[in-house]
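Report on the structure given below.
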Amino acid sequence: MSITDIQNEIIEEFSMFEDWEERYQYMIDLGKDLPMIKEAYKTDSNIIKGCQSKVWVHAELKDDKIEFTADSDAIITKGIIAILIRSFSNQHPKDIIDANTDFIDQIGLKEHLSPTRANGLVSMIKQLKLYAIAYQTQL
Amino acid sequence: MFKLFTCSSNRVKAVARALSYKTNSISGVLQLQVMLNVNNIRKDFPILNRKVNGKPLVYLDNAATSQTPKQVIDAIVDYYSNYNANIHRGVHTLSQEATDLYEASRIKIQKHFNAKHAHEIIFTSGTTHGINLVANGFASLLNKNDEIIVSALEHHSNIVPWQMLCERTGATLKVIPMNLEGELLMDVYDTLLTAHTKLVFVNHISNALGTINPIEYIIEKAHNVGAAVLIDGAQSCPHIKPNVQELDVDFYVTSAHKMCGPTGVGMLYGKEAWLNKLPPYQGGGEMIDQVSFKKTTYAALPHKFEAGTPDIAGGIVFGTAIDYMNSIGFEHIAAYENELLGYATKALQTIEGLKIYGTASNKTSVISFNLEGIHPYDVGTILDKLGIAVRTGHHCTQPIMDFYKIPGTVRASFAFYNTKEEIDILVSGVKKAKMMLS
Ligand SMILES: Cc1ncc(COP(=O)(O)O)c(C=O)c1O
C-alpha cells in the first residue's frame, strides 16, 4: 500500500469514533501494536529531541525500503509515533521524504501538530524524514 | 555629552500618594468583608470565563504564571491611551507624566517589600534577569578560592547563572541537599559554610514542590561568615509579602507575572551598599551620567542597572498588580490558598496509586504528583482535553526530578481565584486520566 492509502485507511478508522475520548483510546491502543525498537537501540543518540516524554526511533534499510521501530515512555506519545510509523514503514525513502502528514489533522489530533507543542510530533516527523534522506543517499 | 534627566522626587512622592489614595478606597471596600469572596474576585479575571476544548477553563498553572485582573489590563490600556512616552529624557508633559508614573510604581514596590530606599529597587525583565545581573556583577568580585552555595531545590534560572559564574571565576559551587519530603537539610548547610563562602542563593519557595525554605536561618548563618544572600522570590511573592529589611536579605528578586502583573517585568531589590559595589550589567542609554569617547561615568542607582528604554507600561502596572493583591490582602490570600491546598491534597490522596512529591510541613499551594506507572505528560494531555491547565514535566528543576528518579511530575498550583469546585473537577479529571491510561 502507498503512504496515501495507509493514511486514508487510518482516517477511515478514526472517523468511526464519536468523540475525543474514543479517538484517544484508539490511539493508545494503536500504541500497543507499535513495532518495538530493540533494547540495544534505546540509546541517547536515538532519542528524538523536543519531546517532553522520551521517544526512541530506529530505522533500517530492508532492500530499498525503510523499516522503523520505536518506543516511548508515555503512552499517548507511543500512539502518535505508532500512527506515523504505520504510514511510513516499509516505504521507499523518496516516498517518505515527499509524504504529507495532513492526515493527523483529519483524524482529530490537530492539537498535536503545533510546532510549539512539547510532545514533539513535528520533531518526530522531521526525524523520520531525516532517516529517509540519509538512506536515500545510500541507494 | 548627555546628562541624565532626573525628575523631582517630591513630585514622584505626590503621585505615589495620589495613587495610594485611590487604591486605599478600593481596599477599604474589600476589607470590610471578613473572608475573601472568590465569586467576586473571579469577576476581575476575564480569562476565567474562557472555554478550552469546549470545557470551562480550570486554570491550575498559577506557579508558571498567574492570570491578570482587569484592573491591570485596564491600566495597560490607560497607559498606552493617555501617557505613552519615553521616560527620564523629555521635558515635554507626556514624558514627564510617564516618568512620574514609572517612578511612583517603583516607590510602591519599595513600600510593598519595605526596602529602605526606592533606588534599591531595580526594574528588570523578571527573576532570571535579576539573578543574571547579580551573578554578572559578582564575576568581578570573586576568585578561585571563593565558594558559592545554592540549594538542591533551585530552578534552572538559579543554577545555570552560578555555574557560568563559577566557570568564569574558578569559584566552587556547593549544593545544600534535600530530604524526601523536599526540605533542605539545614544541618548540612551549616557544614557547607566556610570563611570562603561569598554568596548563598536559595529560592524562598520551591516552584516544583512548594516547599517554603527557612530563609531567615539561611540568611543569618550566611551573614555570620560574611557571605551575601540572594533570595529568588519568584514563587513567594504571589503568596506572601516579604519584608526585605526585616529579613536583612542582600538581594531579593521576583517577576511581576506570577503576582497578577504582566510578563517581561520584575524587580531586583539590593541593599544600597551592594548595588553600589556591583558593576553595571548592560551598557546603554539611561544608565550613564556623562559619556565621551575617553570615559563614561555611570548614573546613580537605580539607573545604573537600567540601560535602555524599559518596559514602561509593564513597570507601571506592576505597581497596579501589587495594589490589586494588597487590596485583597496577603493574609486572606494565604489563608484561603492554604485551605485549597488542604482540600486538594486530601482529595487527590484518595486516588489509588497517586503519589505526591513535596510533603514539607511548610509549603504553599502547589501539588506535584504522579500516577503510578503513568507518564506525567499523558496525564497532562488528558487533563488539557478536559479544560484543566496544569504543568507537566521537570518544571525547570531537573536536579529535583533526578533526586526522585522520575521524568517529571504533574503540577497543580492554586491561586486565590481558584475554587473547591475546580479542585473537584481536577480530581475527577485525574481519575478519568487514570482510567484511560492504565
Ligand atoms: C523559583 C523560580 N525562579 C525563577 C523563575 C524564572 O522566572 P522568570 O521566567 O519570570 O524570569 C521561576 C519561574 O518559573 C521560578 O519559579
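Every number here is computed from the coordinates shown, using simple stated rules; none is lab data. Here the structure is a predicted model, which is why all the values come from computation and not from measurement. Here the Cβ is made from the backbone with ideal geometry for all residues, glycine too, and neighbour counts use every protein chain on show.
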Legend entry - Chain lengthening between B:L185 and B:M35 when straightened (0.36 nm per residue, less Cα-Cα): 50.4 nm
Inset, instruction - Step through the table entries A:K54/A:K94; B:K198/B:K221; B:K111/B:K258, compare each Cα-Cα distance with 21 Å, and write down the pairs that go over it. - result: A:K54/A:K94
Legend entry - Sparse-neighbour loop sites [chymotrypsin sites (Phe, Trp or Tyr not before Pro); the range B:177-257; at most 12 other C-beta within 10 Å; DSSP]: none
Legend entry - Point-charge dipole on Cβ atoms (K/R +1, D/E -1) for the range A:50-139, about Cα centre, debye to 20: 180 debye
Legend entry - Spin-label pair B:S361/A:F17, simplified geometry with 7 Å Cα→Cβ offset, distance in nm: 4.8 nm
Legend entry - Dipole magnitude (debye, nearest 20) for chain B, charges at Cβ of Lys, Arg, Asp, Glu: 780 debye
Legend entry - the range B:221-375: relative contact order as a whole-number percent, Cα under 8 Å and 6+ apart: 17 percent
Inset, instruction - Place +1 on the Cβ of every Lys and Arg and -1 on the Cβ of every Asp and Glu in chain B, take the dipole about the Cα centre, and give the residue among B:A171, B:I333, B:Y59 whose Cα lies farthest towards its positive end. - result: B:Y59
Inset, instruction - Quickly estimate the mean residue ellipticity at 222 nm for the protein assembly as shown, helices only: each DSSP H run with n ≥ 4 gives -39500 (n - 2.57), and the total goes over all residues, rounded to 500. - result: -13500 deg cm²/dmol
Legend entry - Sequence-distant residues sharing a close amide H with B:I176 (under 5 Å, placed H): B:V150, B:S151, B:A152
Legend entry - FRET E, pair B:D74, B:E216, Förster distance 35 Å, beta-carbon r, rounded to 0.05: 0.40
Inset, instruction - Note the direction-averaged projected area, equal to a quarter of the hull surface, for the Cα convex hull of the range B:267-426, in nm². - result: 14.1 nm²
Inset, instruction - Determine, at each q value in 0.16, 0.18, 0.29 (inverse angstroms), the log₁₀ of I(q)/I(0) that the Debye formula gives when each Cα of the range B:256-304 is one equal point scatterer. - result: -0.59, -0.70, -1.07
Legend entry - HN-Hα J in Hz across the range B:412-418 - Karplus 6.51, -1.76, 1.60, θ = phi - 60°, x for Gly and Pro: 9, 10, 9, 10, 5, 9, 7
Inset, instruction - Write down the percent of antiparallel bridges among all DSSP beta bridges whose residues are both part of the range B:71-326, to the nearest 5. - result: 45 percent
Legend entry - Per-residue Cβ neighbour rank within 10 angstrom, fewest leading, B:W162, B:W274: B:W274, B:W162
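Dividing the Cα radius of gyration by the Kirkwood radius, what Rg/Rh value follows for the range A:60-139?
Taking Rh as the inverse mean 1/r over Cα pairs, Rg/Rh reads 0.97.
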Inset, instruction - Determine, for the range B:345-438, the count of lysine pairs separated by eight or more sequence positions (or lying on different chains) whose alpha-carbon distance falls under 19 Å. - result: 17
Inset, instruction - Distance from a point 7 Å along Cα→Cβ of B:A300 to each backbone N in the range B:247-286: keep the residues under 14 Å and list them by number. - result: B:272-273, B:276
Inset, instruction - Give, rounded to the nearest 20 debye, the magnitude of the charge dipole that the protein assembly as shown has about its Cα centre when Lys and Arg contribute +1 at Cβ and Asp and Glu contribute -1 at Cβ. - result: 1580 debye
Legend entry - Most positive-pole-ward Cα, A:I11, A:I37, A:Y24, against dipole of chain A from beta carbon charges: A:I37
Legend entry - Simple spin-label estimate for A:N8 and B:S428 in nanometres, 7 Å along Cα-Cβ: 4.3 nm
Inset, instruction - DSSP loop (so not H, G, I, E, B), at most 11 other Cβ within 10 Å: list which GluC sites (Glu not before Pro) in the range A:1-56 pass both filters. - result: A:E18
Inset, instruction - Find which of B:H223, B:N203, B:M287 sits farthest along the positive direction of the dipole of the range B:171-307, computed with +1 on the beta-carbon of Lys and Arg, -1 on that of Asp and Glu, about the Cα centre. - result: B:M287
Inset, instruction - Divide, for the range A:3-136, the radius of gyration over alpha carbons by 2.2 N^0.38 Å, where N is the residue count. - result: 0.98
Legend entry - FRET efficiency for B:T194 and B:E339, using Cβ-Cβ distance with R0 set to 41 Å, rounded to 0.05: 0.45
Inset, instruction - With an 8 Å cut-off on Cα pairs and a minimum separation of 6 or more residues, tell me the relative contact order of chain B in percent. - result: 22 percent
Inset, instruction - Would you please state the base-10 log of I(q)/I(0) at q = 0.05, 0.12, 0.13 1/Å for the protein assembly as shown, with intensities from the Debye formula using one equal scatterer on every alpha carbon? - result: -0.26, -1.20, -1.30
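Please compute the alpha carbon radius of gyration of chain B, then divide it by the globular-protein estimate 2.2 N^0.38 Å. Two decimals is fine.
1.01
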Inset, instruction - For an R0 of 51 angstrom, estimate the FRET efficiency from the Cβ-Cβ distance between B:R42 and A:L61 and round to the nearest 0.05. - result: 0.30
Inset, instruction - Scan around B:K363 for amide H atoms under 5 Å from its own, H built in the peptide plane at 1.01 Å from N, and keep only partners 5 or more places away or cross-chain. - result: B:I212
Inset, instruction - Kindly list the residues of the range B:292-326 that lie in the label zone of B:N276, defined by a backbone N under 19 Å from the point 7 Å along the Cα-to-C-beta vector. - result: B:297-306
Legend entry - Considering only the protein assembly as shown, percent of DSSP beta bridges that pair antiparallel, nearest 5: 65 percent
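Within chain B, what's the longest stretch lacking GluC sites (Glu not before Pro) that sit in DSSP loops with no more than 14 other Cβ atoms inside 10 Å? Write down the numbers at each step before the final one.
Values: sites that count: B:E181, B:E352, B:E372.
Segment B:1-180 is the longest.
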Inset, instruction - Please give the contour-minus-distance gain from A:K126 to A:M1: 0.36 nm per residue of separation, less the Cα-Cα distance, rounded to one decimal in nm. - result: 42.8 nm
Inset, instruction - Return the whole-Å distance between the Cα centroid of the range B:291-346 and the Cα centroid of the range A:1-62. - result: 46 Å
Inset, instruction - List the residues whose amide H sits under 5 Å from the amide H of B:V229, counting only those 5 or more places along or on another chain, with H placed 1.01 Å from N in the peptide plane. - result: B:V200, B:D250, B:F251
Legend entry - Counting DSSP beta bridges with both ends in chain B, the antiparallel % (nearest 5): 60 percent
Inset, instruction - Run down the lysines and flag those whose C-alpha is under 30 Å from the C-alpha of B:K294, throwing out any fewer than 8 positions away in its chain. - result: B:K3, B:K277, B:K304
